[in-house]
1. On C-alpha positions alone, give me the angle between the axis of helix A:423-439 and the longest principal axis of chain A, in degrees, nearest 10.
2. How many Å² of accessible area per residue for region A:95-238, probe 1.4 Å?
3. Expressed in nm to one decimal, what extension gain is obtained for the pair residue A:237 and residue A:147 from 0.36 nm per residue of sequence separation less their Cα-Cα distance?
4. Between their Cα atoms, which of A:202/A:292; A:84/A:188; A:37/A:435; A:261/A:576 are more than 25 Å away from each other?
5. For residue A:407, put the label point 7 Å out on the Cα→Cβ axis and report which residues of region A:445-485 keep their amide N under 12 Å from it.
6. With the crude spin-label approximation of a point 7 Å out along Cα→Cβ, what separation in nm comes out for residue A:361 versus residue A:165?
7. Angle, helix A:613-626 long axis vs. longest principal axis of chain A, Cα atoms, 0 to 90°, nearest 10?
8. For region A:2-53, report the accessible area per residue in Å² (1.4 Å probe, heavy atoms, rounded to an integer).
Amino acid sequence: MEITVEDAGKGNNIQDFADSRYPEMAGKAIAARINDKLVDLTAALEEGRLELLTWEDERAREVYRHTASHIMAQAVMELFPGAKLGFGPAIADGFYYDFDLASSLSPEDLEAVEERMREITKRDLPIVREIWGRDDAIRFFKESGQDYKVELLADIEDAEVSIYRQGEFVDLCRGPHLTSTGRLRYFKLLNLAGAYWRGDEKRPMLQRIYGTAFYDQGELDAHIYMLSEAERRDHRRIGRELDLFSFHEEAGPGVVFYHPKGAVQREIIEGFLKEEHRKRGYDMVVTPHLFKGQLWHESGHLDYYAENMYTFEKDGVEYVVKPMNCPGHILIYRSQPRSYRDLPLKFFELGTVYRYERSGVLHGLLRVRGFTQDDAHVFCTEEQLEEQIRECLEFAFFSLRTFGFEDFEVFLSTRPEGSVGSEEQWDKATDALAKALEHLGINYQVDPGEGVFYGPKIDIKLRDAIGRLWQGPTVQADFNLPERFGITYTGADNQPHRPAMIHRVVLAGIERFYGILIEHYAGEFPMWLAPVQIILIPVADRHLPYARELEELFRAEGLRVEVDDDSQTVNMKIRKAQMQKVPLSVVVGDREVEAGTVSARDRSGHDIRGMDREQFLTAALRSVREKTLSIDWEA
RNA sequence: GCCGGUGUAGCUCAAUGGUAGAGCAAUCGCCUUGUAAGCGGUUGGUUGGAGGUUCGAUUCCUCUCACCGGCUCCA
């Protein structure tokens, strides 16, 4: 709600003003913006533009959750006197606070903290903003043993700082906050974790408590439901339950074993990629897994990523297990003279690479040490660069949509510290990426300094079925590696020229994408991706020949079909098929055998009995061919 | 790598210093089944690994490996 304040008067605060003039807003406003400045509701009224921010406003949520973090800090201070406070911000969907405690917290402590927080909200302590001299603040926090706050204060240059006080609890904070602890309504502490002070692994490890807070019970419940959904969709669990893949302690962490059903799905994904690359004029290449170290010195990767590369020595020569495909593709480019007429030259490889990832970061399929990228390198002239980037982007969006993703966020990452190449090269590359995005009308955000050492990049993040964002495709523009490797093409002027290079992946790491896909669909894959598409269920043994006949018929059409010939009840077989998330269960008994029909049931439990088998086959095949989410029996 | 947690049958979980157990799964048999669990029998373990304390260790201690939640990192 936006108001123009004409006569602020003296000594009025925003809350009082709002309460008297807009009683319908009573209790709803969380924070305010006055003349574009985010402030507490207790701030003094000023003339000009006043906005009352309610829960619907992102900024109000932040204030609300930030206050939740303060209340949590107060609870921790009360329960664990002597605790030192680190950072305590609001984050997406919640908040956290970092503590330095003598002993480590347990889940039971978490409950106690939450309980104490509820008590603090009941006390309904007013939250008061105070302005202190910086030196006074330093003295105060030093005396109370808050070393981290003292360190923060030392970095602040202003002569005055703001302090928030609620009861006995005092914290250095920019604010703003709720007006009192009683205004925090629904919250829940979620988990405990370690976190480095200021995110620096050389600094002390603090204990972080994560929580979430909402304005009404329904939203909190919905959020908690979302968290449980995330657990239900966990690809590690589904991978085991559906027998898709496994990891083995004996083989080492971070390397994936695809079981038959997982391998089928991987083959589908790779088949899609090969076909789509071919359509778009890419040439498929295959490069080895082992190169001499020399090549990685030349590329610069050893300078930047030596820690993450698997290297070894044989016959006095250093070797590297490839962590990337680009040098290999460059060698192919360099294997013969290239003409401007050859460009753009597009090499595509399902390239399996190995990168040493620190043990603590491994996570199912989402973060592994060995993975396969749908990697391509486009060699082109500088003039072709932008158009080629555009094509890469369109290809990426097309592919993601095909797999069922609709919602994306796009980031342009610019030159990082310590990168290679000239300013001019970086400007040209960044410019080409930005122009490509603009020509396609894609909204994007700039991520300053987040580019790769040899060039800037575009990252596409995808949103899954329950709203989570995942890192997906990336497109990088590069003038540096061509220079390092000294690759050229002969121009129309008969002179050598330096090509530009695009590094890009579409689904990126296949393992990772597969993991995302499993979570997106919660294992309930559409027909074209399902490892087993149809399960045939004979009612009794005498129906087995008919089931076999159908199996052969469907399999001949390319469908992945199985017959459940267990000596079990139909109920049990249906249950098994449901739990395996097979898209179609086909029950055949006397009626079907006699009429030559089928009775099909989908995962949602809907079934159609006595369907013509041709009609069934046509609809099933159409769903596969058109990659539809559900099956249309009528069309 | 760091902080915290966990590790018992294929899976989910019991057993607080005294003979390792249940359900499901698997397997065998009976049943011949009509849209989410038919009935009965059987099998299944170096309690992640190594060392230690103890008369005795799943249980206590040390080391180690893997996994989980984060942090840091991610070409």
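The values are calculated or read from the model by the stated rules, or taken from the named source; none is laboratory data. Since we're looking at a predicted model, the values are computed, not measured. Cβ atoms come from the backbone with ideal geometry, glycine included; neighbour counts cover every protein chain shown. To get the accessible areas, we keep the full protein, side chains included, count just its heavy atoms, and leave off ligands, DNA and RNA. Shrake-Rupley method; radii C 1.70, N 1.55, O 1.52, S 1.80 Å.
1. Tilt relative to chain A: about 80 degrees.
2. With all protein chains present, region A:95-238 gives 52 Å² per residue.
3. Using 0.36 nm per residue and subtracting the Cα-Cα distance, I get 28.1 nm.
4. Values: A:202/A:292 34 Å; A:84/A:188 22 Å; A:37/A:435 34 Å; A:261/A:576 16 Å.
Table pairs above 25 Å Cα-Cα are A:202/A:292; A:37/A:435.
5. A:462-470
6. 4.6
7. 50
8. On the way: 2740 Å² over 52 residues.
Value returned for region A:2-53: 53 Å² of accessible area per residue.
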